[in-house]
Amino acid sequence: HSDSNVIQKGKDELLKTVVLYGHNASGKSNVLDAVAFFRWMILYSATELQSNEEIEVEPFRLSSETENEPSYFEMSFYVGSIKYRYGFETTNKKVVKEWLLETKKVKEYPVFLRINNEYQIDDKRFPNASGLEKRTRDNALFLAVSAQWNVKKAEKILEWFDKTYAVHGLMDQTYRDETLEILKNKDYSHLINTF
């Protein structure tokens, strides 16, 4: 559906929506679970986890090389006209690495880099964030903490993730209840029934 589902962003062609389908036990749910976890960590690690709580991450246990390694998450996305690449590596105890890079034309520039408790923060690209590394717990993301302390770029990125949804067919109770509630509204019921 390139006529209605593709957005041109600079040199990139982006999909508005993606549908995953495939055989049973082929990994579809794991992909969605990973995206949901990634989003949850960004939005809530600074506010929902206490300092002594474990991070609910599931390592890949089918390989002896990875079962004891941190789990790796990364995503590229646009907020407005700026392309970012953000990611982190985490165990169930702590965030081991975290990075935010922004692209200008074709070159990526680090906004911040975190390796364990060592941080490199570009004060021009991430103003008002210096000093917040001291407030970032081992089990929280620096990006999430920065948003809590009103760092504008971090707030915009969290807002983008807050508006991004992964509808998971196996966990549809919330969506079902929401849909049934919206069906009661005359303005939406016709649209939903038509869809």
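The values are calculated or read from the model by the stated rules, or taken from the named source; none is laboratory data. Note that the coordinates shown come from a computational prediction; the quantities given were computed from them, not determined experimentally. As a convention, Cβ positions derive from the backbone with ideal geometry for all residues, glycine included, and neighbour counts pool all protein chains shown. Just so you know, the surface numbers come from the protein's heavy atoms only, side chains and all, with ligands and any DNA or RNA stripped out. Shrake-Rupley method; radii C 1.70, N 1.55, O 1.52, S 1.80 Å.
Among the conditions (1) assigned to a loop (DSSP other than H, G, I, E, B); (2) under 17 Å from THR136 (Cβ atoms); (3) open to solvent by 40 Å² or more (accessible area, probe 1.4 Å); (4) in contact (Cβ under 8 Å) with a residue 24 or more places away in the chain, ILE55 misses just one, which is (3). The residues in the range 111-129 that are open to solvent by 50 Å² or more (accessible area, probe 1.4 Å), within 21 Å of the chain's Cα centre (by Cα) and within 15 Å of TRP149 (Cα to Cα) can be counted, and the count is 0.
When the criteria are applied in full, ASN92 meets the requirement of being closer than 30 Å to GLN120 by Cα and either open to solvent by less than 70 Å² (accessible area, probe 1.4 Å) or touching a residue at least 40 places away in the same chain (Cβ under 8 Å) (or both). Among residues of the range 130-146 that are within 16 Å of ASN92 (Cα to Cα) and basic (Lys, Arg), those with a beta-carbon under 8 Å from a residue that is open to solvent by 20 Å² or more (accessible area, probe 1.4 Å) and part of a loop (DSSP other than H, G, I, E, B) at least six positions away or on a different chain give the pairs ARG137/SER51. Scanning the range 136-160 for residues that are of a type in the set (Gly, Ala, Ser) and part of a helix (DSSP H, G or I) returns ALA144, SER146, ALA147, ALA154.
Looking at the range 1-28, which of its residues are in a loop (DSSP other than H, G, I, E, B), of a type outside the set (D, E, K, R) and either under 29 Å from VAL106 (Cβ atoms) or in contact with a Gly (Cβ under 8 Å, 6 or more places away or on another chain) (or both)? Selection gives HIS1, GLY10, THR17, VAL18.
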